[in-house]
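Since the structure comes first, as structure tokens, the remarks are kept for the end.
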Amino acid sequence: MSTVTVSAAEVNKLRQQTGAGMMDCRKALIESNGDFESAIDYLRKKGQKVAANRSDREAKEGVVIAKANAENTYGIVITLSSETDFVAKNQEFIDFAQSVADLALSSKTTTVEELLAIAMGSATIGEKLMEMVAKIGEKIEVSRFEQLSGDAVVPYIHQGYRIGVLVGMNMAANDAIILAGRDVAMQIAAMKPLAVDAESVPEEMIAREKAIAVEQIIAEGKPADMAEKIAAGKLNKFFKDNTLLPQPFVKDSSISVADYLNSVSKGLTVTAFRRSAVGA
């Protein structure tokens, strides 16, 4: 049995630095013979063990953070997932997600693996994540991470960190274009378009939708030679309903999103977007 004694001040110092519970911190210091750095490693290892034990759990709650750089030419969107809504609404959890997003933005890293290896104070983001797992006892992970570059990139966070959107546009950012980008981002958050326009829809998706339409038309008793023409009409409706630019604009359904953008600045359009949602 260990004879190492630790003071309340040492335990509190370790707790302040790692966020772990008092008893966990005391045990870590005792197991590490009072060595502070070893105690931190002990807690990180414990966090990794907690994460492994919960690897089969579903982390369907969490927060989404979207940010752009000062020039509005590059943006990121990350989803930090948790198991419960209780954790997701905790301010410490939200603050951690914001810090991770800030580092993702400034580093311009491109993968989750690279992101987790970025230094965050005296540890990496991945190690800090494990410390949070140890403290909270839930599965927590960066479940999605995307980037977007453009002449203008506008971020938007919807529904209390439930949905994050990045909108890329073909003209340099100014106040009017940023405002238009936010309007379009709200449209994307609400309507969940599959692509910017018909040309952006993957060929395999078009082929699948067309095949379904043809089968439905033939099942309705229409002649096979008419099925192709009718299917083309159904595809056009599919594009209008499910791609961004031809959709009715949510703030004025008498015009399309494309018309709205053109009214802001002639030729203004969306080049790309990213949409992430909690649980998706």
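The values are calculated or read from the model by the stated rules, or taken from the named source; none is laboratory data. As the structure is a prediction and not an experimental result, all values here were calculated from the model. As a convention, Cβ positions derive from the backbone with ideal geometry for all residues, glycine included, and neighbour counts pool all protein chains shown. Note: areas computed on protein heavy atoms with side chains; ligands, DNA, RNA excluded. Shrake-Rupley method; radii C 1.70, N 1.55, O 1.52, S 1.80 Å.
Here the range 117-146 is the region considered, the condition is being of a type in the set (Lys, Arg) and more than 10 Å from Thr18 (Cβ to Cβ), and the residue that is surrounded by the most Cβ atoms within 10 Å (Cβ to Cβ) is Lys139.
Every test in (1) open to solvent by 40 Å² or more (accessible area, probe 1.4 Å); (2) within 14 Å of Ala272 (Cβ to Cβ) is passed by Val165 save one, and that test is (1).
If you check Glu71, Glu92, Glu83, Glu114 for being under 19 Å from Ala134 (Cβ atoms) and open to solvent by 50 Å² or more (accessible area, probe 1.4 Å), only one passes: Glu92. Val165 meets all of the listed conditions (1) within 14 Å of Leu80 (Cβ to Cβ); (2) of a type in the set (A, V, I, L, M, F, W, C); (3) out of contact with any Leu (no Cβ under 8 Å at 6 or more places or on another chain) but one, namely (1).
Given the structure, is Ile218 touching a helix residue (DSSP H, G or I) at 6+ places or on another chain (Cβ under 9 Å), without any contact (Cβ under 8 Å) to a residue 12 or more places away in the chain and of a type in the set (Val, Ile, Thr)? Yes, satisfied. When the range 236-258 is examined, which residues are found to be among the small types (Gly, Ala, Ser) and not in a helix (DSSP H, G or I)? Within the range 236-258, Ser253, Ser254, Ser256 qualify. Within the range 147-162, the set of residues being small (Gly, Ala, Ser), open to solvent by 40 Å² or more (accessible area, probe 1.4 Å) and modelled with pLDDT of 95 or more comprises just one member, Ser149. Within the range 162-193, the set of residues being over 26 Å from Ala88 (Cα atoms) and small (Gly, Ala, Ser) comprises Gly168, Ala172, Ala173, Ala176, Ala180, Gly181.
Among the residues of the range 263-273, is any at pLDDT 95 or above and part of a helix (DSSP H, G or I)? Yes, there is a match, as at least one residue in the range 263-273 is at pLDDT 95 or above and part of a helix (DSSP H, G or I). Scanning the range 235-280 for residues that are basic (Lys, Arg) and without any contact (Cβ under 8 Å) to a residue 24 or more places away in the chain yields a total of 3.
Within the option set Ser122, Ser81, being closer than 30 Å to Lys27 by Cα and modelled with pLDDT of 95 or more holds for one residue only, Ser81. Applying the criterion of being open to solvent by 70 Å² or more (accessible area, probe 1.4 Å) and polar (S, T, N, Q) to the residues of the range 1-57, the residue that is farthest from Ile140 (Cα to Cα) is Thr3. Checking the stated criteria, Ser99 turns out not to satisfy the condition of being crowded, with 19+ Cβ neighbours inside 10 Å, more than 30 Å from Met171 (Cβ to Cβ) and under 15 Å from the mean Cα position of the chain (by Cα).
When the residues of the range 204-235 are narrowed to those that are outside any helix (DSSP H, G or I) and loosely packed, with under 12 Cβ neighbours inside 10 Å, which ends up nearest to the chain's Cα centre (by Cα)? That would be Glu220.
Of a type in the set (Gly, Ala, Ser), surrounded by fewer than 20 Cβ atoms within 10 Å (Cβ to Cβ) and under 15 Å from the mean Cα position of the chain (by Cα): is that true of Ser106 in this structure? So Ser106 does not fit the description; no.
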